[in-house]
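Notes for the one structure printed next.
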There are 2 protein chains.
Amino acid sequence: MKPKLTLKQIARELDVSISTVSKALRDSSEIGEETRKKIKAFAKLYNYRPNNIALSLKNRKTKTIGIIIPEIVHYFFTTVISGVEQVANEMGYNVIVCLSNNSFDKEVLNLEMLANGSTDGFILSLAKETMQKEDYHHLTEVTNQGMPVVLFDRVVDEIHCDKVIIDDVIGAKKAVQYLLDKGSKKIGLVSTVDYVSVGKLRTRGYLEVLRENNVEIDDKLILKIEDMDNSETEIKDFIDKNEVDAVFAVNEHFAIYAIKAIQEKGLKVPEDVSVIGFTDGELSKRFIPSLTTVSQHGERMGAEAARLLIDKLERKPEEEESYRTVIVETNLIERNSTKL
Amino acid sequence: MKPKLTLKQIARELDVSISTVSKALRDSSEIGEETRKKIKAFAKLYNYRPNNIALSLKNRKTKTIGIIIPEIVHYFFTTVISGVEQVANEMGYNVIVCLSNNSFDKEVLNLEMLANGSTDGFILSLAKETMQKEDYHHLTEVTNQGMPVVLFDRVVDEIHCDKVIIDDVIGAKKAVQYLLDKGSKKIGLVSTVDYVSVGKLRTRGYLEVLRENNVEIDDKLILKIEDMDNSETEIKDFIDKNEVDAVFAVNEHFAIYAIKAIQEKGLKVPEDVSVIGFTDGELSKRFIPSLTTVSQHGERMGAEAARLLIDKLERKPEEEESYRTVIVETNLIERNSTKL
DNA sequence: GTATTTTGCGCAAACGTTTGAGTGTTGAAA
DNA sequence: TTTCAACACTCAAACGTTTGCGCAAAATAC
């Protein structure tokens, strides 16, 4: 139980001053060859490592970036974390992960906590509740203090900062166009209510493509899930009541519930009805039939977000502010839930 | 762009000393009513928050706990994180998540990094590579420095610390006994190679139950997956070559590959062959047929681990050391991949 | 032999806090 | 008037670093 070596202890042990030790270890030319060697040998022998906290205080930077996500038990978010982590580590940064659990209050709390010196900047995706409330003061406050923030996936125009998003509209268009190309005529949409930005945008893509292809839009074929906990039965009802030859769902789960409902109705996927999902997770790959889906490339988004943030962190203060939005391209992964 | 309020600035602004400000904010009786009110009002107005880094340095504790896991894109680990996070936040602790990506070197690096002042203690699950190498010096070093460590899931006897595990043997026994009770005679096992402790233990449970029930053990019915990337075809081969009426797989993926192989062979699950998995993830719930499985209760494990760690952190130093191992009970979740 | 430069090291301040000890003023008891 | 406690506040050290500056001794130059 040796209580961690410090400069002070090395100094005492070797009978030199603290600054001599510090300088020696940092190869300062101020220190003589001999003393330097002696100190370095000692430090190495006892495995000296500088205390990060003290360094953070001194340098006024922590070399850690905070990431706040709505939930962690969620494939997409974990891939984003993975992407952030890779880039961050490469650049010598640590990552702190906090969860908002989709709660506004917890998002605020986490942000405040991390903003008080724990991190140099943030990467975050807004909690659902925050987007409903449209209250972003906690974020503007943080940015006002000069801490860079990068928003991803669930972003919002009101906050001025770097952003990483996918083009939800184009992604949705790709999916629906694909269905049309394969001969589908009556394409159902299973989406979320509009305050979830991605639901709104993907719905827009759906509508645009239909219009571009002169397909009549039938409101009955559009389902907007209000209550996630009840989504399975809502989707079942929807499928039972409507006759469709294809379904575009805005996430994996909805797609799978749709497939289940279709199968229970006595129809086959993809022979009778094609289904396309969004987000390429475990389920999409492993489900039978495996899901044709729009891939979001979470890892790439995380990497981009980390790069944007670190860029801001290491930029000289003279350079003028400017915010970028990078759009990570989606692409359609063809599997077995759509006909060839 | 106001650069974050400090005690010093408040002191200058209100023309008192720094210590007066500090004491006033902490409601010290040393400070007069009037000044205290004035200072508190000012602090509130400008939203003063003490700097965590400075506090950490002063108090020699950070109120954060580090968690290092082999991979984050993995349902079980995310549920553990979720559990840790809940308890940690309740107790006023922050959580730093780092990934070892199953690499020994990265595990060492992360540990060193976090050990240098960033966290008060660790919760971790060993990287696969670490278990192969059987090199735990990085962990013993950390514990020698007096930092508490809690190991979970992938644990090892050589390290003396608190541990949270599930009873893999009992869990496996429950599963296999269940299959026997339902009338299965030839139960296949799909496991991992033995240096992955959980694979070994679950295999042991399988063997024990068969022995207890006087069922002959047929080595041909035991598959040990060496190369994860190739597991799908290995399992397909295994199923094709052997006649079984049930399969016990040590994780979700293996279970699903088994089901696929069984179906491709022209047999039905669960009518012809029952399948049981381990770990209750998204896939188990949503797959068709949904999987009967041994639930690991990741969230509960995380919560237990956090409690153990915080307990150690807040214990007075006089109290003597003792290490506990808590075993989180598994239970069988019956779904549709086994016959009734 | 003195004047100047170089070498090798220590001092002290700073980062933002907390806190025990010290200090000066007030008011009351002796 | 002296003594002393109570009050309200400030000083300074500490946590572990880094770094500009100062200073003595040694080495060089004149």
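The values are calculated or read from the model by the stated rules, or taken from the named source; none is laboratory data. Keep in mind that this is a model prediction, so the values were computed, not measured. Glycine gets a Cβ as well: all are built from the backbone with ideal geometry, and neighbour counts include every protein chain shown. Calculation scope for accessible area: heavy atoms of the full protein, side chains included, ligands and nucleic acids excluded. Shrake-Rupley method; radii C 1.70, N 1.55, O 1.52, S 1.80 Å.
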Taking Cα pairs closer than 8 Å and at least 6 residues apart, the relative contact order of chain A in percent is 17 percent
At 25 °C in a medium of viscosity 0.890 mPa s, chain B has a Stokes-Einstein diffusion coefficient, with Rh taken as the Kirkwood radius over alpha carbon pairs, in µm² per second, of 107 µm²/s
Answer in debye to the nearest 20: the dipole magnitude of the range A:110-154 about its Cα centre, from +1 Lys/Arg and -1 Asp/Glu charges placed on Cβ, is 100 debye
In whole angstrom, the spacing between the Cα centers of the range B:12-64 and the range B:121-136 equals 42 Å
Protection proxy (average C-beta count within 10 Å per residue), highest first, orders B:133-141, B:324-332 as B:324-332, B:133-141
Excluding residues fewer than 8 positions from A:LYS128 in its own chain, the aspartates and glutamates with Cα under 16 Å of it are A:GLU71, A:ASP105, A:GLU107, A:ASP153, A:ASP157, A:GLU158, A:ASP194, A:GLU226, A:ASP227, A:ASP229
Toy charge model, Lys and Arg Cβ at +1, Asp and Glu Cβ at -1: the range B:7-50 dipole around Cα centroid in debye, rounded to 20, equals 220 debye
Counting other chain Cβ atoms within 10 Å of each Cβ in A:50-62 and taking the mean gives 5
Most fluctuating of A:GLY266, A:GLY205, A:GLY66 in the GNM of chain A (C-alpha, under 10 Å) is A:GLY266
The range A:285-303 and the range B:220-244 have their Cα centres apart by a whole-number Å value of 26 Å
Env charge @ A:ALA261, Cβ radius under 12 Å, K,R +1 / D,E -1, value -1
With -39,500 (n - 2.57) per DSSP H segment of 4 or more residues and division by the full residue count of the protein assembly as shown, the 222 nm estimate, nearest 500 deg cm²/dmol, is -14000 deg cm²/dmol
Check: C-alpha center the range B:150-181 vs C-alpha center the range B:66-118, spacing in Å is 21 Å
With every protein chain in place, the accessible area of A:TYR178 for a 1.4 Å probe, in Å² rounded to the nearest 10, comes to 30 Å²
For the range A:7-50, whose charge dipole is built from +1 on Lys and Arg Cβ atoms and -1 on Asp and Glu Cβ atoms, the candidate among A:TYR48, A:GLY32, A:ILE18 with its Cα farthest towards the positive end is A:TYR48
Percent antiparallel among DSSP beta bridges confined to chain B, nearest 5, equals 10 percent
Each residue of A:94-100 has, on average, a number of other protein chain C-beta atoms within 10 Å of its C-beta equal to 6
Per 10 angstrom bin, beginning at 0 and ending with the bin that holds the maximum distance, the Cα pairs of the range B:182-241 fall in percents of 21, 49, 27, 2
Nearest-0.05 FRET efficiency for A:LEU45 and B:ASP237 at R0 = 60 Å, using Cβ-Cβ distance, is 0.65
So the FRET efficiency between A:SER17 and A:VAL156, C-beta based with R0 = 41 Å and rounded to 0.05, is 0.15
Within the set B:ILE67, B:ILE259, B:ILE18, GNM on chain B using Cα springs under 10 Å gives the largest fluctuation to B:ILE18
Counting every C-alpha pair in the range B:16-165, the percent lying more than 23 Å apart is 47 percent
To the nearest 20 debye, the range B:1-138 has a Cα-centred charge dipole, built from +1 on Lys and Arg Cβ and -1 on Asp and Glu Cβ, of 980 debye
Cross-link reach from A:LYS133 to lysines, straight Cα distance under 23 Å and at least 8 residues apart if same chain, gives A:LYS106, A:LYS163, A:LYS200, A:LYS224
Correct semi-axes for the range A:7-50, from √(5λ) of the alpha-carbon gyration tensor and rounded to whole Å with the largest first, are 14, 11, 9
Mean projected area, convex hull of alpha-carbon positions in the protein assembly as shown, reported to one decimal in nm², is 35.8 nm²
Taking 0.36 nm per residue of separation between A:ILE327 and A:HIS138 and subtracting their Cα-Cα distance, the length gained on full extension comes to 65.5 nm
Output for the range A:225-285: trypsin sites (Lys or Arg not before Pro) sitting in coil per DSSP, at most 16 other Cβ within 10 Å, listed by number, reads A:LYS265, A:LYS268
Counting only backbone N atoms under 15 Å from a point 7 Å out along Cα-to-Cβ of B:LYS8, the residues of the range A:54-87 in range are A:57-61
Averaged over the residues of A:277-286, the number of partner chain Cβ atoms within 10 Å of each residue's own Cβ comes to 3
